[in-house]
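> Below is one structure. I have some questions about it.
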Amino acid sequence: MIDEAVQQVLDGFVTSVRKVAAVEAVWLHGSLALGDYQLGRSDLDVIVVASTPPPDAVADVHRQLIRDFPLAAKLHCSYMTDLADLSVRHPTFAHERYFDRPVTPVTRRELAIGNRTLFGPPPSELLPATTDEELFEFIRRDLRDFWLPVTRKRANWYADIWVDLSLLTIARAHVTLATGDLITKRVAFDVLPHLGAPADVVEDIRRRRYGPEVRTGPWWRHTRAGLTRRFVRTAIPAVLS
């Protein structure tokens, strides 16, 4: 069941975007599709399938929606015209800006599992299946080529988002590479202790996602940054081995 405030944003988006783009379908992925959505904390992850590239006016749709519904600032949407090619970078509105990015094998698998449509045919009718090989290769490359090198950038690790995403990504990657299954962020918290994640950092992330938040002072941020970087540096090689 989607929260009423979220449903209002989603309905408003579908109605508005269909007025300016050649929309064939609108799909949900991420926590909304997998059942771990947290109001005001989780993103609203959406895919629009369009028969032609979206016009510049779609950015205006997003900005107007944010003015009407502040919660819409968390609505992140990629516009897909080519559903098959994994290398294509799709126009995307996220973090209140417009840019291009690929729709990853993880997102594609989430779409297939959730199979949630707001408009038009569901993913099961239009989206080519993602193979386990494609999924595993993306996850390994993401850990090896992005997350491991970024541990050298010390300043990043004082920000909540880097701490949260790194640990949860590693836990979810571990399970997917071992079993082929995708797990939610909530389930990932149960995996982290088995990977040797620092308990205080895990609890810090859990409270930030599920409340109440605590420990925001500079001493804790400095300590947390060091603990997280050390864990990421050791956990990724173990997950990839």
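Every number here is computed from the coordinates shown, using simple stated rules; none is lab data. Note that the structure is a prediction, hence the values are computed from the model and not measured.
> Quick check: the angle from helix 160-179's long axis to the longest principal axis of the chain, C-alpha only, nearest 10 degrees?
90 degrees
> Expressed as an acute angle from 0 to 90° and rounded to the nearest 10, what is the orientation of the C-alpha long axis of helix 105-114 relative to the principal long axis of the chain?
70 degrees
> How many angstrom separate the Cα center of segment 156-210 from the Cα center of segment 30-50?
Centre-to-centre (Cα) distance: 18 Å.
> Determine the percent antiparallel among the DSSP beta bridges restricted to segment 4-129, to the nearest 5.
For segment 4-129, the DSSP antiparallel bridge percentage is about 75.
> Right, something else. Using Stokes-Einstein with the Kirkwood hydrodynamic radius over Cα pairs, what translational diffusion coefficient do you get for segment 133-240 at 37 °C and a viscosity of 0.692 mPa s, in µm²/s rounded to a whole number?
Answer, rounded: 234 µm²/s.
> Could you give me D for segment 67-116, from Stokes-Einstein at 37 °C and 0.692 mPa s, where the hydrodynamic radius is the Kirkwood radius over C-alpha pairs? Units µm² s⁻¹, please.
Here the translational diffusion coefficient equals 272 µm²/s.
> Per residue, how big is the convex hull around the C-alpha atoms of segment 1-121? Give it to me in cubic angstrom, could you?
Dividing the Cα hull volume of segment 1-121 by its residues yields 95 Å³.
> Which length gain, in nm to one decimal place, applies between Arg233 and Gln7 when the Cα-Cα distance is subtracted from 0.36 nm times their residue separation? The partial results should precede the final answer.
Working: separation 226, 0.36 × 226 = 81.36 nm, distance 3.99 nm.
Fully extending the segment from Arg233 to Gln7 adds 77.4 nm.
> Can you tell me which of His62, His222, His90 moves the most in a GNM of the chain? Springs connect C-alpha atoms under 10 Å apart.
Looking only at His62, His222, His90, the biggest GNM fluctuation is shown by His222.
> So what is the calculated 222 nm ellipticity per residue for the chain, using -39500 (n - 2.57) for each DSSP H run with n of 4 or more, over all residues, to the nearest 500 deg cm²/dmol?
It lands at -15500 deg cm²/dmol.
> Let me ask something else about it. If every alpha-carbon in the chain counts as one equal scatterer, what log10 I(q)/I(0) does Debye give at q = 0.12, 0.17 1/Å?
-0.73, -1.34
> List the lysines whose Cα sits under 19 Å from the Cα of Lys74, skipping any in the same chain fewer than 8 residues away.
Lys185
> Tell me the angle of helix 132-141 to the major Cα principal axis of the chain, expressed in degrees between 0 and 90 and rounded to the nearest ten.
60 degrees
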